[in-house]
Amino acid sequence: MGKDRERDLFIFTMNYTNNEIPVLVPPWEDRGLLHIAQIINADAKIKTNSQIDFLLTDSRSLAFPEKSLFFAIKTNRNDGHKYIEQLYNQGVLNFVVSEKIPAFEKMQDANFLYAENVLRALQHLAAYHRKNYSMPVIGITGSNGKTIVKEWLYQLLHEDKQIVRSPRSYNSQIGVPLSVWQLNEQTELGIFEAGISESGEMEQLQKIILPDICILTNIGEAHQENFSSLKEKCLEKLKLATNCKLLVYNQDDKLIQETVKELAFPAQQLGWGKDDKNSDLFIKNIIKNSDFTTCITYTYKQQTNSFSIPFDDDASIENAIHCLAIMLHLDISPEVISARMACLEPVAMRLEVKDGKNNCLIINDSYNSDIHSLDIALDFQWRRDSDKSLKHTLILSDILQSGIPYSELYTNVASLIVQRKIDKLIGIGKYLIENENVFQSIEKEFYPTTADFLQSESIHNLRNEIILIKGSRQFHFEEISEALELKVHETILEVNLDAVVHNFNFYRSKLKPSTKMICMVKAFAYGAGSYEVAKTLQDHQCDYLAVAVADEGAALRKAGLTIPVIVMNPEMNAFQTIFDNHLEPEIYSFRLLEAFAKTADKAGITNYPIHIKIDTGMHRLGFSPSEVEQIANLLCKQNNLVVRSIFSHLAGSDEQRLDGFTHEQIQLFENCTKKMDAILKYHTLKHILNSEGIIHFPESQMDMVRLGLGLYGVNQSGGLKNVTTLKTTILQTREVPAGETVGYGRKGVITRPSRVATIPIGYADGLDRKLGNGNLQVLVNGKFAPTIGNICMDLTMIDVTDVICKEGDMVVIFGEEQPVTVLAEKLQTIPYEIITSVSDRVKRVYYAE
């Protein structure tokens, strides 16, 4: 083949029929597309044999286009092929696809690898990559505790080994391959999580991780809906241990113990437990101390020793013992184990987004500090600034124990922050200072320590910036976050943006690919905060947002939101706001239709999109079915307005007893839309289903659906994640003798010597007064404590006599363990009222993993 022909096109076909990784001659140092095409059994059309450093599965996370290979994965929620043209325009030339799209013909210099199953191709490539390294690898699975055990093992072992571990909780069918891809020649130990949600998934993850050591943390109810029994789930998770050399598990768990025996693993087993003195690792004693530490005494190989951890909850104790088993297996001395266990630190498994001083937005990520987690955090930072109006600042500490020479490490960091469009770097640590010269073309400043930065003028000069705080724990960057954070109130509403995405995708998975989604962000996104929620939804390709009034829509536009926004209750005096911000009004009456059309005509506006509402039985707002032909004829006689959609509202989709009426509404609506379409003679979108309608009447999804309360984690069918958690802290505790009273009107009568705590939340924050005097129990350190006395404007008293707690401890009003529905039932109302009643003075804190 001549040189010109090589440049023009290279095509070959692989005909592997099995599911195994082929054994190939080319060395793995050759990461060119030709070699990768062989590994994943792909038909290939390759113009240039590009070298690949980065695997990309999310188009929004692009940083290094020229070195990335995009896998166009199809799921029941999305299709990566939709984003290929966009990525090509951003400089990506390398794609793994499962189908041909006409647009490919325009991409003359792009390389395409055709695989029948793109996800399997990604997994095959990662599995091949893993087989090229012989360092020990620890695989962790179980229902709970995987991420904590992984991070604690890193804390305990990073002084001895150069470790690569899963970023955050990258433990899925996609996350595991991306995690294992990080292995390199400097790696001395790999630690990877493996999470599953249904049978058949672990086999693929085992091939990718190939663990030498496997830890099974526990078996719980998570994802149980996809398994017939806990035994079936345990068997599936234990597939990770296939061919491993050591299996670590809690043999006090009878299910796990019996399942391990049944499988008769040839691997060495290290079972730990408190019940059997003959356990490989016998936990002789566990003492929880008053200072919230725990002392654990153990016997291993006939030697008895002890250590303490700075936690006293049962989950942390179990996680620490799993780590102990690994350290003992690695022959780490009891003295070193004791010293390191005492220094274990909490694992903050999320990035927190908080309002900062001087119009800054703070992203606090002290979860871990390595170049991979830095890339994830920078990607998150970029997405949070929708209109890119804020200056992007990174406060970064030295990245320690990376195993890479610091000059090379910081050259890579410099390249990364340029690609992620960081405007300013504030570096803290001696190694950053020593390598200051690699950070070119960027505003920068450096400080030896965190204390030096906190004492500088620079921290007071941060204004109109989105600031990512990313540091190793020993730099105590929580002090920087504390200094920059806008102080409002000790009571906060936490909003889990990952849960918003999960719920959005849960409903999207119930729809046909062509069905569009409208997400309701009215009423401050049901109390969660419309700006952050709307940005997250736009980031995940939501089709429409809906607000109640025009001002809400204008605020979203000002915040940089660009997707279509429907105004559900347009007021006559807000028409100009609607036009100025390109909002789309709901039209529900002739009066409103005439007024809006006249205003558009005066402004010389034509073909402005509107949404026509039909009243099919809700009898709140909307044209009556008998008026449909008249509306359509009026619309045909003008050119100022064009109907974008026609919709109606179900009155009882959440009540089975009203199913007959719901079907009547749907049929009536379909009749109305047929009449309108016949007169209008152009296509309009139709929608009638709300959150519960999507679940119960999927056959009527039409062109579009409206997602409301379900987006925020409330429905009757399950499958959703909690989005909002209202929490506060204990201000003060006091001992109150029997016979005394608590609160206004002396309503809280003490019947026994009691301990009463005061928390800074009251009816001005949205906590209804009817929940006082024992009508509500709040969660303190995992235990319920009842209110006592009347709820005050700013304060509430709770009885913590039976709860171990101290001043400053967290108190949860509603959240995961106590759903908002519990409060709604006690107040004989609906969850909408509870979550929208949380007042503006309660600070919203947003986070994501």
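The values are calculated or read from the model by the stated rules, or taken from the named source; none is laboratory data. Everything numeric in this text was worked out from a predicted model, so none of it was measured. In this analysis, Cβ positions are derived from the backbone assuming ideal geometry, glycine residues included, and neighbour counts consider all displayed protein chains. To get the accessible areas, we keep the full protein, side chains included, count just its heavy atoms, and leave off ligands, DNA and RNA. Shrake-Rupley method; radii C 1.70, N 1.55, O 1.52, S 1.80 Å.
Summary of computed values
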| read-out | value |
| --- | --- |
| Any hit, the stretch 301-314, residues being aromatic (Phe, Trp, Tyr), in contact (Cβ under 8 Å) with a residue 40 or more places away in the chain, within 27 Å of Gly782 (Cβ to Cβ) and touching a helix residue (DSSP H, G or I) at 6+ places or on another chain (Cβ under 7 Å) | no |
| Verdict on Val549 being crowded, with 19+ Cβ neighbours inside 10 Å and farther than 17 Å from Lys516 by Cβ | no |
| Selection status of Gly273, open to solvent by less than 40 Å² (accessible area, probe 1.4 Å), over 32 Å from the mean Cα position of the chain (by Cα) and either among the small types (Gly, Ala, Ser) or under 27 Å from Ala339 (Cα atoms) (or both) | yes |
| Selection within the stretch 741-770 - outside any helix (DSSP H, G or I) and under 30 Å from Leu709 (Cα atoms) | Ile759, Pro760, Ile761, Gly762, Gly766, Leu767, Asp768 |
| Those residues of the stretch 272-299 which are among the hydrophobic types (A, V, I, L, M, F, W, C) and assigned to a strand (DSSP E or B), in sequence order | Trp272, Leu281, Phe282, Ile283, Ile286, Ile287, Cys295, Ile296 |
| Identity of the residue in the stretch 155-174, hydroxyl-bearing (Ser, Thr, Tyr) and surrounded by fewer than 20 Cβ atoms within 10 Å (Cβ to Cβ), that ends up nearest to Ile326 (Cα to Cα) | Ser169 |
| Count of residues meeting criterion [touching a Ser or Thr at 6+ places or on another chain (Cβ under 7 Å) and surrounded by fewer than 23 Cβ atoms within 10 Å (Cβ to Cβ)] in the stretch 556-587 | 4 |
| Residues that are of a type in the set (Val, Ile, Thr) and under 22 Å from the mean Cα position of the chain (by Cα), drawn from the stretch 506-521 | Ile518, Val521 |
| Of all residues in the stretch 298-319 being under 18 Å from Gln269 (Cα atoms) and under 26 Å from the mean Cα position of the chain (by Cα), the one that is surrounded by the most Cβ atoms within 10 Å (Cβ to Cβ) | Asn319 |
| Pick from the stretch 322-335, criterion in contact (Cβ under 8 Å) with a residue 60 or more places away in the chain and open to solvent by 10 Å² or more (accessible area, probe 1.4 Å), ranking: nearest to Tyr249 (Cα to Cα) | His329 |
| Any hit, the stretch 501-521, residues being in contact with a Leu (Cβ under 8 Å, 6 or more places away or on another chain), β-branched (Val, Ile, Thr) and open to solvent by less than 20 Å² (accessible area, probe 1.4 Å) | yes |
| Among residues of the stretch 792-834, those that are closer than 15 Å to Leu726 by Cα, open to solvent by less than 50 Å² (accessible area, probe 1.4 Å) and either part of a loop (DSSP other than H, G, I, E, B) or among the aromatic types (Phe, Trp, Tyr) (or both), counted | 4 |
| Check on Glu490, without any contact (Cβ under 8 Å) to a residue 40 or more places away in the chain, surrounded by fewer than 20 Cβ atoms within 10 Å (Cβ to Cβ) and either within 25 Å of Leu390 (Cα to Cα) or not aliphatic (A, V, I, L, M) (or both) | no |
| Selection within the stretch 300-354 - out of contact with any Asp or Glu (no Cβ under 7 Å at 6 or more places or on another chain), outside any helix (DSSP H, G or I), closer than 17 Å to Leu157 by Cα and among the hydrophobic types (A, V, I, L, M, F, W, C) | Phe307, Ile309, Leu330, Ile332, Ala342, Cys343, Leu344 |
| Answer from Thr829, Thr801, Thr796, Thr821 - the residue that is among the hydroxyl-bearing types (Ser, Thr, Tyr) and under 24 Å from Asp313 (Cα atoms) | Thr801 |
| Any hit, the stretch 598-609, residues being in a loop (DSSP other than H, G, I, E, B), under 38 Å from the mean Cα position of the chain (by Cα) and within 30 Å of Ser389 (Cα to Cα) | no |
| Selection within the stretch 246-267 - in contact with an Asp or Glu (Cβ under 9 Å, 6 or more places away or on another chain) and open to solvent by 10 Å² or more (accessible area, probe 1.4 Å) | Asn250, Gln251, Asp252 |
| Tally of residues being closer than 18 Å to Leu122 by Cβ and among the charged types (D, E, K, R) across the stretch 80-96 | 1 |
| Close pairs from the stretch 43-72: first within 16 Å of Tyr114 (Cα to Cα) and open to solvent by 40 Å² or more (accessible area, probe 1.4 Å), partner at pLDDT 90 or above and of a type in the set (Asp, Glu), Cβ under 6 Å, at least 6 apart | Lys47/Asp109 |
| All positions within the stretch 336-387 that are basic (Lys, Arg) and either open to solvent by 40 Å² or more (accessible area, probe 1.4 Å) or modelled with pLDDT under 85 (or both) | Arg340, Arg350, Lys357, Arg383, Arg384 |
| Residue, nearest to Met520 (Cα to Cα), within the stretch 715-740, restricted to residues that are open to solvent by less than 40 Å² (accessible area, probe 1.4 Å) and part of a strand (DSSP E or B) | Thr724 |
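One line per residue, one yes/no per condition, for (1) modelled with pLDDT under 95; (2) within 20 Å of Ser197 (Cα to Cα); (3) open to solvent by 10 Å² or more (accessible area, probe 1.4 Å); (4) under 22 Å from the mean Cα position of the chain (by Cα):
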{"position": "Ala103", "(1), (2), (3), (4)": "yes, no, yes, no"}
{"position": "Leu125", "(1), (2), (3), (4)": "no, no, no, no"}
{"position": "His129", "(1), (2), (3), (4)": "no, no, no, no"}
{"position": "Val149", "(1), (2), (3), (4)": "no, yes, no, yes"}
{"position": "Val176", "(1), (2), (3), (4)": "no, yes, no, yes"}
{"position": "Leu183", "(1), (2), (3), (4)": "yes, no, no, no"}
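Matching residues to (1) modelled with pLDDT of 95 or more; (2) among the polar types (S, T, N, Q):
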| position | (1), (2) |
| --- | --- |
| Leu767 | yes, no |
| Phe784 | yes, no |
| Ile791 | yes, no |
| Cys805 | no, no |
| Asp809 | no, no |
| Thr821 | no, yes |
| Ile835 | no, no |
| Lys843 | no, no |
